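Written below as structure tokens is the structure these notes are about.
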Amino acid sequence: MSEASETIFSKIVRREIPADIVYEDDLAIAFRDINAQAPVHILVIPKKPIPKLADAQPEDQALLGHLLLVVQRVAAQEGLTQGYRTVINTGEDGGQTVYHLHLHILGGRFMAWPPG
Ligand code: 5GP
């Protein structure tokens with residue numbers, strides 16, 4: 001998939017396409033992955049369209065920290081008391097397919113290691 005700043009996730013932020021949104025604040029939004037890989041599979045994204053982690057800048061430091069706290073909050077909201085996996089795929093070798101930074105929350109089952 002090409003690395004354009006406009007992606008389907010920007011359309012979800014603007015409510016132009018539907019998504020099962022589970023959390024939103026001024027900086028971030030979280031919604032269920034359309035192709036769930038676990039009983040709970042949620043994507044946390046910044047509203048700012050940073051294409052991938054490697055593109056984040058020093059001025060994004062607070063935003064990146066905020067995203068991790070949103071992960072923590074959403075995981076608690078989903079009742080993932082036994083733990084969960086948080087994944088950020090970056091670029092081609094990382095398996096990234098949507099070029100709008102997103103943190104996967106995977107939970108509700110044991111997560112094997114190493115990943116594929
Ligand atoms: P990546 O492979 O880039 O780390 O993850 C992209 C994720 O976005 C995939 O898990 C994929 O299932 C999910 N996804 C792609 N398009 C949509 C969509 O339109 N809606 C939702 N909710 N998830 C999507």
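The values are calculated or read from the model by the stated rules, or taken from the named source; none is laboratory data. Here the structure is a predicted model, which means the values were calculated and not measured. Every residue, glycine as well, gets a Cβ built from its backbone with ideal geometry; the counts of neighbours run over all protein chains shown. The accessibility values were calculated without ligands, DNA or RNA, using every heavy atom of the protein model including side chains. Shrake-Rupley method; radii C 1.70, N 1.55, O 1.52, S 1.80 Å.
Quick rundown of the values:
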{"item": "Value at 222 nm in deg cm²/dmol, rounded to 500, when DSSP H runs of n ≥ 4 in the chain each add -39,500 (n - 2.57)", "result": "-6000 deg cm²/dmol"}
{"item": "Separation in nanometres of the label points that stand 7 Å from Cα toward Cβ, at ARG109 and ARG73", "result": "2.9 nm"}
{"item": "Partners for LYS52 among aspartates and glutamates (Cα-Cα distance below 18 Å; same-chain residues under 8 apart left out)", "result": "GLU3, GLU6, ASP33, ASP60, GLU92, ASP93"}
{"item": "Longest exposed-site-free window of the chain, the sites being trypsin sites (Lys or Arg not before Pro) in a DSSP loop that have at most 13 other C-beta atoms within 10 Å", "result": "16-108"}
{"item": "Å² of accessible area per residue within region 8-107, as computed with a 1.4 Å probe and no ligands counted", "result": "54 Å²"}
{"item": "Simple spin-label estimate for GLN37 and LYS11 in nanometres, 7 Å along Cα-Cβ", "result": "2.3 nm"}
{"item": "Carbon/sulfur fraction of accessible area - the chain, other protein chains in place, 1.4 Å, %", "result": "54 percent"}
{"item": "Using alpha-carbon coordinates, inclination of helix 61-77 to the longest axis of the chain, degrees", "result": "30 degrees"}
{"item": "Low-density loop cleavage sites - chymotrypsin sites (Phe, Trp or Tyr not before Pro) in region 81-116, where at most 13 other Cβ are within 10 Å (DSSP)", "result": "PHE110"}
{"item": "Using distinct alpha-carbon pairs, which all enter the 1/r mean, Kirkwood radius of the chain in Å", "result": "14.5 Å"}
